[in-house]
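Taking it in order: structure first as structure tokens, then the write-up.
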Amino acid sequence: MRQQHRQLAQLEREGAHLAPGASEEAAVGRRVFTEGRGPVLTDLDGNQYLDFASGTLTQSLGHGHPEVVRALTEQAARLWNVHDAATPDRAALLDTLARLLPEHLDTYALFSTGAEVVEAALRVVQATAPPGRNRIGALRHGFHGKTMGARMLVHWDIGHQSFAGNSVLGYAPYCYRCPLGLTRPTCELRCAALVRRHIADKPSTAALVFEPVLGAAGVIVPPPGYWEQVADACRENGVLLVADEVLTGGGRTGAFLASELVGVEPDLAALSKGMANGFPFAVLAGRHELLHDPAAATPGAYASTYASNPLGIAAARATLEVIERDQLLEQVRKLGELLDGRLRGLSDRFENLGDVRGLGLLWGLEFVTDRARRTPSPELARAVYAAALDLGLRVALGGHVLRLAPPFTIDEALLDEGVRLLERAIERAVTA
Ligand SMILES: Cc1ncc(COP(=O)(O)O)c(C=O)c1O
């Protein structure tokens, strides 16, 4: 067992004043981290961890990447906030975004968090929607943030169903737990056909807000054909496609946008986590005509206190330039194949690992009490999470799913080491 006494003393001290409601990860993990270098974190008692959660799926380049640190510290010494006035880095950042994003997404508004950028997308939808189109579509199991507009689209997680408002929900492509009780390929993508029908039957729908790969719900990867059908239905019925790529954007799945991998051409895309290597920053990318629409682009529409702030811009510019220069998307695809093979090995070995799925360097491991019934086991996921921390591996925990999202810059040896630690953690948890 690793030393934890200094950390526990700190946690007890802060407990006197800190509001409860921490993430499950923080509550179960009970760690006090002091430093991050590349893929390695250190805690207050000097223990080290391989960070396969990359912060909160944010530090794509690993912790404390020297070029991002340099950009941030130089900017911190110069200028912090001039509202949304231009600073010299901004033009360069916008050019980089234009090179990395699909050509049709050529106009950008800059923000600081995921929920904030989703709200900005909703405002654009609301402002530009033809009369009578007052509903927003979303998918079951989608997650879009904790602000009121975003909550309207999220009907699970922390139980705020009453805010459902004017949203309509369609079936997510959750094959492992098919909402219709079907199996592939005989299902013939009935979930997509129903979403299609839903969209056609509800002419009041202005937009579909979607995660191309559903991240928070446990890395739900759509089967081929799902998005083709749903996106076609949106196009045929004049429904805007708003990709929430807050988690997937920036290369995590092996393409800059996961939408590119699943074959959707969104009208708007919201990006955040992977944009500035952990510094609060977000981008709303959109078609020129949409973000320039006079109804959307009213004075101040894309401005707020921290939107377009110089520190975020400096960090984002450095992060994205490294991703582009070092061809890290290729690296994500290569390491992703390796991880795929290793994780499938684990699922062959452990009966309680019901499903393993992912793309690039974004993977979800679903724990069950037994394979036949697929009964979710949050207890086991939590036990594996805690055992992994004790062994020196940090992953992301949510309900009965563990997510893995190592930094793009990790080497093969450390990737293997992380999987070995995970294997030992599962062994410990299932035999406990
Ligand atoms: C897909 C998606 N959208 C929106 C959000 C909300 O982002 P934030 O926590 O920065 O507000 C998240 C956060 O995990 C997310 O995964």
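The values are calculated or read from the model by the stated rules, or taken from the named source; none is laboratory data. Please read all numbers here as calculations on a predicted model, not as lab measurements. Cβ: placed from backbone, ideal geometry, glycine included. Neighbour counts: every protein chain shown. SASA here: full protein model, heavy atoms, side chains in, ligands and nucleic acids out. Shrake-Rupley method; radii C 1.70, N 1.55, O 1.52, S 1.80 Å.
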Long-range HN-HN contacts of Phe256 with modeled amide H, under 5 Å: none
Estimated distance in nm for a label pair at Arg140 and Arg99, the labels positioned 7 Å out from Cα along Cα-to-Cβ: 4.4 nm
Those lysines that a straight Cα-Cα span of less than 16 Å connects to Lys146, excepting residues fewer than 8 apart in one chain: Lys273
Accessible area of the chain belonging to carbon and sulfur atoms, whole % at 1.4 Å probe: 52 percent
Neighbourhood net charge (11 Å Cβ-Cβ; Lys/Arg +1, Asp/Glu -1) for Val246: -2
Dmax and Rg, reported as Rg then Dmax, of the chain (C-alpha, Å): 21.4, 63
Relative contact order of region 66-325, pairs being alpha-carbon contacts under 8 Å that are 6 or more residues apart, as %: 31 percent
Mean accessible surface per residue for region 66-325, computed with a 1.4 Å probe while every protein chain stays in place, in Å²: 41 Å²
Contour excess over end-to-end distance, with Cα ends at Asp326 and Asp348 and 0.36 nm allotted per residue: 4.5 nm
Ala413 versus His288: modelled label distance in nm, points set 7 Å from Cα along the beta carbon direction: 5.0 nm
Gained length - Ala200 relative to Ala27, 0.36 nm times residue gap less alpha-carbon distance: 57.9 nm
Packing-based ranking, highest mean first, of 280-293, 48-61, 225-238 given that Cβ atoms within 10 Å are counted: 48-61, 280-293, 225-238
Mean Cβ count within 10 Å, highest first, over the residues of peptides 269-276, 369-376, 94-101: 269-276, 94-101, 369-376
Peptides 393-402, 133-142 ordered by average Cβ neighbours within 10 Å, highest first: 393-402, 133-142
Label-point gap, in nm, between Arg235 and Asp45 - each point 7 angstrom along Cα→Cβ: 5.7 nm
Sequence-distant residues sharing a close amide H with Ser377 (under 5 Å, placed H): Phe367, Val368, Thr369
Amide H contacts of Thr107 (H built 1.01 Å from N, under 5 Å, at least 5 apart or other chain): Gly286, His288
14 Å reach of a label modelled at Arg177, 7 Å along Cα-to-Cβ, counting backbone N of region 386-413: 398-402
